[in-house]
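> This structure is in structure tokens; I'll ask about it shortly.
The values are calculated or read from the model by the stated rules, or taken from the named source; none is laboratory data. Every value quoted in this text rests on a predicted model; they were computed, and no experiment measured them. Virtual Cβ from ideal backbone geometry, glycine too; neighbours counted across all protein chains shown. When the accessible area is computed, the model is the full protein with side chains, heavy atoms only, and any ligands, DNA or RNA have been set aside. Shrake-Rupley method; radii C 1.70, N 1.55, O 1.52, S 1.80 Å.
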Amino acid sequence: MEETGRKETAATAPADLPFDVFSKACPSRGTLEHVTGRWGSLTLGALHEGGFRFNELRRRVDGVSEKMLSQTLQALERDGLVHREAQPTNPPRVDYTLTPLGAEVAERLLGLIHLMEDRMPSVLKARERYDAARGGR
């Protein structure tokens, strides 16, 4: 990110600097990792269904640990994809929803998720062929 001859950090990069996810210094790479990682994509996909409380979301995203879901939500909130709203009740209530940007990203992810679900018979056949050609797995 030295196109202007001076070093820019991700936090101070000028708005007119083009983003290039293939450049290791580009801040879009971190966000892409948050979105496309296993828990990020599943969390965004689940939140596309509507708002959830933490434990409801944890049940929906089967297999995610409390720690991983918490870290995932914090990263997605920091990136502006998830909105966290804490209610001042006893016991405390925290709701998670998608921001408009998060909804846009989730829509695109769901297209990929649905494609993979629809094409799993082909994937499973390809795995069988691959394993058979390599002496089984």
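> Quick one: dipole size for the chain, taken about the Cα centre, charges +1 on Lys/Arg Cβ and -1 on Asp/Glu Cβ, in debye to the nearest 20. If you can, show how the numbers build up before the last one.
Details: 20 positive and 20 negative charges, 136 e Å.
That gives the chain a dipole magnitude of about 660 debye.
> Counting other C-beta atoms within 10 Å, and keeping those with at most 12, which DSSP coil GluC sites (Glu not before Pro) do you find in the stretch 11-95?
Values: sites: GLU33, GLU49, GLU56, GLU66, GLU77, GLU85; in loops: GLU49.
Of the GluC sites (Glu not before Pro), the ones in loops of the stretch 11-95 whose Cβ has at most 12 other Cβ atoms within 10 Å are GLU49.
> Give the residues of the stretch 22-56 whose amide nitrogen is closer than 12 Å to a point set 7 Å from the Cα of ASP118 in the direction of its Cβ.
Inside the label zone: nothing.
> Oh, and also: If I stretch the segment between ARG38 and GLU85 completely, what's the gain in nm (0.36 nm per residue apart, minus their alpha carbon distance), one decimal? All intermediate terms of the calculation are to be shown ahead of the outcome.
Working: separation 47, 0.36 × 47 = 16.92 nm, distance 2.38 nm.
Net length gain for the segment: 14.5 nm.
> Would you please state the base-10 log of I(q)/I(0) at q = 0.14, 0.17 1/Å for the stretch 64-120, with intensities from the Debye formula using one equal scatterer on every alpha carbon?
Debye output, listed in q order: -0.51, -0.70.
> Specify whether the C-alpha gyration tensor of the chain places it in the rounded, prolate or oblate class, a ≥ b ≥ c being the square roots of the eigenvalues: rounded for a/c under 1.5, otherwise prolate if a/b is larger than b/c and oblate if not. Walk me through the numbers before you get to the answer.
Numbers: a/c = 2.31, a/b = 1.12, b/c = 2.06.
It is oblate, given that a/c is not under 1.5 and a/b is not larger than b/c.
> May I pose another question? May I ask you to derive the FRET efficiency for PHE22 and GLU66 from their Cβ-Cβ distance with R0 = 25 Å, giving the value to the nearest 0.05? Mind showing how you got there, number by number?
On the way: r = 34 Å, r/R0 = 1.37.
After rounding to 0.05, the efficiency reads 0.15.
> Right, something else. Determine the share of the stretch 51-111's accessible area contributed by carbon and sulfur atoms, expressed in whole percent, with a 1.4 angstrom probe. Mind dumping the intermediate values first?
Values: 1850 of 3970 Å².
The computed percentage sits at 47.
> Here's a follow-up. What net charge is computed for the residues neighbouring PRO92, neighbours being all others with C-beta under 15 Å from the C-beta of PRO92, Lys and Arg scored +1, Asp and Glu -1? Before the final figure, lay out each step's value.
Values: positive: ARG53, ARG84, ARG93; negative: GLU56, GLU85, ASP95.
Neighbourhood net charge equals 0.
> I've got another one for you. Grab the beta carbon distance between THR97 and ASN55, set R0 = 25 Å, and tell me the FRET efficiency rounded to 0.05.
Values: r = 16 Å, r/R0 = 0.63.
Calculated transfer efficiency: 0.95.
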